[in-house]
Amino acid sequence: MHNGKKINLGVSILNADYLNLGEEIKKAEDAGADFIHLDVMDGNFVPEITFGQMMVKNIKEHSSIPVQTHLMIQNTDSQIESFIETGSDLIIIHVESCKHIYGCLKKIKDNNLKTGVALNPATPVSSIFNIIEIIDYLLIMTVEPGYGGQEFIGNMVYKIQKAASALEKYNENASRKFFFDIGVDGGINEETIKKAVMAGTNSFAVGTAFYRSQDPAKVLHDLRQASLKAGQFTI
Ligand code: DX5
Ligand code: ZN
């Protein structure tokens, strides 16, 4: 049985070859990725620095599939407008680095882009309870943000379950129903994707497993098959 939702597999370019980014993005598109996941890091919220607004805009213009931008930056409030201008289909901001998160999400929505909220491993699901209506996408970090190639934190499956049931409970009492996709970021492979699907998520950013493989199309194909075996969703 599945609940009708489709599995969405995105490719995170964090560990791609930046000197051949055009080809690396094409590789993801050709392999059947559903979206490109861009990790913006400022060397402050997380230790490393990756790239900023100009690069995101460029990639968005170049890409034939939706672009989701994951902001791991300290001053989200003051930089949100310039990221909205990149035209990313979905902008994901961290609750830990945003002082006025409702206001920032509202700005994203007012510009007809999709809103996303990311939670670090230690941040509880309850931090979004009061703003559920404005969220299109909830990103559960299954690693500490900052680096690709880390191990999936097993206990995060309980957090995924909590998020899925919080949404259900909210809707039981709400006169207007709200839905968001639950995404997972970090340490996705054939084993961890099964656990995450069983817990209730249907969207994944895949980085290292994709770019370190000689056959990246097979990686996405195998991940789709693994998620199908875990039930619940369609591919
Ligand atoms: C971590 C990033 C992730 C990461 C995922 O801070 O947000 O998107 O690139 O890559 P892997 O699959 O290597 O964990
Ligand atoms: Zn990410």
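The values are calculated or read from the model by the stated rules, or taken from the named source; none is laboratory data. Quantities reported herein were computed from a predicted structural model and do not represent experimental measurements. So basically every Cβ, Gly included, is an ideal-geometry build from the backbone, and we count neighbours across all protein chains shown. The area values use the complete protein model at the heavy-atom level, side chains included, leaving out ligands, DNA and RNA. Shrake-Rupley method; radii C 1.70, N 1.55, O 1.52, S 1.80 Å.
The table for this structure:
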{"item": "Fraction of accessible area attributable to carbon and sulfur, the chain (%, probe 1.4 Å)", "result": "50"}
{"item": "Asp42 accessible area, 1.4 Å probe, all protein chains in place, Å² to nearest 10", "result": "50"}
{"item": "Å² of accessible area per residue within region 112-235, as computed with a 1.4 Å probe and no ligands counted", "result": "47"}
{"item": "Accessible-area value, Val219, 1.4 Å probe, nucleic acids and ligands omitted, Å²", "result": "30"}
{"item": "Chain lengthening between Ala122 and Ser78 when straightened (0.36 nm per residue, less Cα-Cα)", "result": "13.4 nm"}
{"item": "Length-normalised contact order of the chain in % [C-alpha pairs under 8 Å, at least 6 apart]", "result": "22"}
{"item": "Ordering of 119-125, 62-68 by burial proxy (mean other Cβ atoms within 10 Å per residue, highest first)", "result": "62-68, 119-125"}
{"item": "DSSP beta bridges in the chain [antiparallel fraction, %, rounded to 5]", "result": "5"}
{"item": "Too-long pairs where the Cα-Cα distance tops 19 Å, listed order kept, from Lys169/Lys229; Lys5/Lys107; Lys106/Lys162; Lys60/Lys114", "result": "Lys169/Lys229; Lys5/Lys107; Lys106/Lys162"}
{"item": "Accessible area of His37 in the full protein assembly, 1.4 Å probe (Å², nearest 10)", "result": "0"}
{"item": "Dipole moment magnitude, nearest 20 debye, region 1-123 about Cα centre, only Lys, Arg, Asp, Glu C-beta charged", "result": "500"}
{"item": "DSSP loop chymotrypsin sites (Phe, Trp or Tyr not before Pro) with at most 14 other Cβ within 10 Å: longest gap in the chain", "result": "1-177"}
{"item": "Prolate/oblate/rounded label for region 1-97 (Cα gyration tensor, a/c 1.5)", "result": "oblate"}
{"item": "Cα-centred dipole magnitude for the chain, charges only on beta-carbon of K, R (+1) and D, E (-1), debye, nearest 20", "result": "780"}
{"item": "Selection of GluC sites (Glu not before Pro), region 67-171, meeting DSSP coil and at most 15 other Cβ within 10 Å", "result": "Glu85, Glu151"}
